[in-house]
Amino acid sequence: NDAEPSGNKTSCMDFYSGVLLAAKDLGEAGTDIDLNVYDASLGAIPVATESIAKSQFAIGPIKRDGLRKAVSVCDGNTWVVSPLDLNVESLTDSIAGLIQAPTPTAYQIKDMVRWIKSDMKSSDKVIVIIPQGSNTAYAAQVENEMEAIGLKHVTTTYGNVSANMTTTGTNRIVLACSYNRSDRSFLSTTVRNLYAMLGKKADIVLYGTARLRTYDEIDVENLHKLKLHLCVQYYTENNSAAVERFNTAYRSLFNGEPSRSSYSGYDLMKYFTMLAAKYGDNWPKGMEKVRFSGLQSDFDLHRTESGSYVNHAVRRVLYMTNFTTKLVK
């Protein structure tokens, strides 16, 4: 494996630790595993085609260029799993043999829009807020999905949002920006102002995807008061029995606390090894047959026209007004 896009090699070690714990659990359950580890941190893939062809799947590297090289080295003999980076999705449209494990933003948006529609009542209104003078690709994706399922909505800037709100039903709001550094002020200010409007209008509920929770500038208390409905690729139920068992074992083995990368390593290793154990050399055919719910991620893989696979599974998370979060199943 190589470093995360951020360059955080600690996360890669956490990921590897999660893989090892999954291998341990699977081995104790009777699954035979031959695990080989290669360091691709310098950009090269230090393994010959003959060696990697003996493997049923390879997890990583993480970065786009490393994955492209890995697919080339595998030469159609071994599937390569993209483990952490959402930005790799476009590779699956152009090359075969790649599995995009983290659910791309497009499918988070698709599920978010369908969640809004399922929540809708006749007196409710859907409002998409965009930054002043900007209609982003993210906003276009949201609007396209709404139009595809016949969900009526209004797209406006925050300055005009009050005039578009309903006072008799729930205002179901999406913040549609590029979610880059320049949007921090827009996001934090809009969330704060929406929170201030609670009570002045009938009701406000905020909807979003994983990007929304990555900004420290946004007051989390406001997200809870706005009852944020979040569609994400990662969410861990810390009070579940499976997660508690993992945490206890992880602390005992590695003398540290698991991270998001630890859970990812565990889920990926467990899912693909289980498929290989069940279907043997024909295990890729099982990817579209077998859905899987891990500690942190779900897997619902779909084949692309190029011959790769992309995960469509999304977890729905509700921010409660008592400042807790819960997984909506």
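The values are calculated or read from the model by the stated rules, or taken from the named source; none is laboratory data. Quick caveat, the model's predicted, so the values are computed rather than measured. Because the Cβ atoms are built from the backbone with ideal geometry, glycine has one as well, and the counts that use them run over all protein chains shown. Heads up: the accessible areas ignore ligands, DNA and RNA and are worked out on the full protein's heavy atoms, side chains in. Shrake-Rupley method; radii C 1.70, N 1.55, O 1.52, S 1.80 Å.
For the condition farther than 20 Å from Arg211 by Cβ and either in contact (Cβ under 8 Å) with a residue 60 or more places away in the chain or not in a loop (DSSP other than H, G, I, E, B) (or both), what is the one hit in Gly150, Gly159?
Answer to the check: Gly159.
Go through the range 143-192 and count every residue that is open to solvent by less than 30 Å² (accessible area, probe 1.4 Å) and of a type in the set (S, T, N, Q).
So in the range 143-192, the residues open to solvent by less than 30 Å² (accessible area, probe 1.4 Å) come out as 146, 151, 156-157, 161, 165-166, 169-177, 179, 183, 187-188, 190-191.
From what is left, the residues that are of a type in the set (S, T, N, Q) are 156-157, 166, 170-171, 188, 190.
Total satisfying the criteria: 7.
Looking at Leu198, Leu206 in this structure, which one is open to solvent by less than 30 Å² (accessible area, probe 1.4 Å) and of a type outside the set (Lys, Arg)?
On the way: Leu198 fails: open to solvent by less than 30 Å² (accessible area, probe 1.4 Å).
Going through Leu198, Leu206 in turn, just one is open to solvent by less than 30 Å² (accessible area, probe 1.4 Å) and of a type outside the set (Lys, Arg): Leu206.
Go through the range 209-230 and count every residue that is among the hydroxyl-bearing types (Ser, Thr, Tyr) and surrounded by 14 or more Cβ atoms within 10 Å (Cβ to Cβ).
Result for the range 209-230: 2.
Restricting attention to the range 86-113, and to residues there that are in a loop (DSSP other than H, G, I, E, B) and hydrophobic (A, V, I, L, M, F, W, C), which single residue is least open to solvent (accessible area, probe 1.4 Å)?
Applying the first criterion (in a loop (DSSP other than H, G, I, E, B)) to the range 86-113 yields 94-97, 101-104.
Narrowing further to those that are hydrophobic (A, V, I, L, M, F, W, C): 95-96, 101.
Numbers: Ile95: 31, Ala96: 54, Ala101: 7 Å².
Of everything passing the filter in the range 86-113, Ala101 is least open to solvent (accessible area, probe 1.4 Å).
Quick one: Ile173 ticks every box in (1) over 22 Å from the mean Cα position of the chain (by Cα); (2) not in a loop (DSSP other than H, G, I, E, B) bar one, so which box is it?
The single condition Ile173 does not satisfy is (1).
For a quick check of your reading: which helices (runs of 4 or more DSSP H) sit entirely within the range 184-260 and have at least 1 residues that are over 30 Å from Gly159 (Cα atoms), of a type in the set (Asp, Glu) and without any contact (Cβ under 8 Å) to a residue 60 or more places away in the chain?
Of the helices (runs of 4 or more DSSP H) lying wholly inside the range 184-260, those with at least 1 residues that are over 30 Å from Gly159 (Cα atoms), of a type in the set (Asp, Glu) and without any contact (Cβ under 8 Å) to a residue 60 or more places away in the chain span 241-254.
How about the range 278-295: which of its residues are open to solvent by 80 Å² or more (accessible area, probe 1.4 Å), free of Cβ contacts under 8 Å to residues at least 60 places away in the same chain and assigned to a helix (DSSP H, G or I)?
Matches in the range 278-295: Lys278, Asn282, Lys285.
Only residues that are open to solvent by less than 50 Å² (accessible area, probe 1.4 Å), modelled with pLDDT of 85 or more and of a type in the set (A, V, I, L, M, F, W, C): list them for the range 26-51, please.
Within the range 26-51, just Leu26 meets the criteria.
Could you list all residues from the range 305-329 that are crowded, with 17+ Cβ neighbours inside 10 Å, touching a His at 6+ places or on another chain (Cβ under 9 Å) and in a loop (DSSP other than H, G, I, E, B)?
His312
If I filter the range 243-263 down to residues being open to solvent by less than 30 Å² (accessible area, probe 1.4 Å) and in contact with a Phe, Trp or Tyr (Cβ under 9 Å, 6 or more places away or on another chain), which single residue comes out as farthest from Gln296 (Cα to Cα)?
Here the residue is Gly256.
Which of (1) in contact with a Cys (Cβ under 6 Å, 6 or more places away or on another chain); (2) part of a strand (DSSP E or B) does Val128 not meet, given it meets every other one?
Condition not satisfied by Val128: (1).
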